[in-house]
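Here's the structure, in structure tokens; my notes come after.
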Amino acid sequence: MRKGITDIALLQRIIQLLASSIGSPISAKKISDTLNASGRRISVNTVDTYLQALLESYIFYKTDRYDVKGRSFLNTRGKYYIVDLGLRNNLLVRSKPDLGPQIENLVYLELLRRGYEVSSGKLAEKEIDFVAQTAQSHPHYQVAASVLDENTLMRERAPLKAIPDHYPKVLLTLDVIGSGTNIDGIQRKNLLDWVVGDDLPHR
């Protein structure tokens, strides 16, 4: 009501686009371009109003992109995460579950619950899923469903390995094999164990 939104069909379409883009950078312009291509004429400013309404009502959360090397925020596309994965699964009809975005969304919400300020990281051409910060702690997280394939393991470890600082670096997966190992300063943890664990940030 505060934003004066009355086009419910447009609101639902934007929500669906955000829900299907969990874990991927997206902007008001990209959403506007997608809607315009489908025949619905909508301006970037209008999309931005809808996005702000969704953020202010805590239906979605947004992470800004953080330049790990330069230690500054970038004025580029952010990532959006939904408050409840059950809502997302109800909104989207899929032939098979997309596990990767769902567990990434879960990790984001858990980091918020633990009191972190959460950003998505960028280091040159590499992407780091989450840069989590408190006054005393600054861990980096990479999230994947499985890294039992050696090529996948190398790909997921590469961004963490390239980070030029000594803060904790954690690779979270659903794998049981390999959980608990620490190679090149990168901790490999089972996601379910991490969620119920007690490695909370120091305040």
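The values are calculated or read from the model by the stated rules, or taken from the named source; none is laboratory data. Since the structure is predicted, the reported quantities are computational estimates derived from the model, not experimental observations. Neighbour counts are summed over all protein chains in view; Cβ atoms, including those assigned to glycine, are modelled from backbone coordinates with ideal geometry.
For the reader, a short list of remarks on this structure follows.
- Checked against (1) within 14 Å of Asp67 (Cα to Cα); (2) touching a Leu at 6+ places or on another chain (Cβ under 6 Å), Leu174 meets all criteria but (1).
- Of all residues making up the stretch 29-49, the number that are surrounded by 20 or more Cβ atoms within 10 Å (Cβ to Cβ) and out of contact with any Leu (no Cβ under 6 Å at 6 or more places or on another chain): 2
- Every condition in (1) out of contact with any Pro (no Cβ under 6 Å at 6 or more places or on another chain); (2) buried (at least 18 other Cβ atoms within 10 Å of the Cβ) holds for Ile177 except the one numbered (2).
- Qualifying residue in the stretch 48-57 (condition: at pLDDT below 95, in a loop (DSSP other than H, G, I, E, B) and not hydrophobic (A, V, I, L, M, F, W, C)): yes
- Taking first residues from the stretch 132-144 that are more than 29 Å from Ile177 (Cα to Cα) and partners that are of a type in the set (Asp, Glu) and part of a strand (DSSP E or B), the Cβ contacts under 8 Å between residues at least 6 apart in sequence or on separate chains come to Thr134/Glu117.
- Condition met for Ser38 (in contact (Cβ under 8 Å) with a residue 24 or more places away in the chain and more than 22 Å from Lys3 (Cα to Cα)): no
- Scanning the stretch 114-125 for residues being surrounded by 15 or more Cβ atoms within 10 Å (Cβ to Cβ) and either among the hydroxyl-bearing types (Ser, Thr, Tyr) or over 13 Å from the mean Cα position of the chain (by Cα) (or both) gives a total of 4.
- Matching option when the condition is surrounded by 14 or more Cβ atoms within 10 Å (Cβ to Cβ) and under 15 Å from the mean Cα position of the chain (by Cα), among Val147, Val131: Val131
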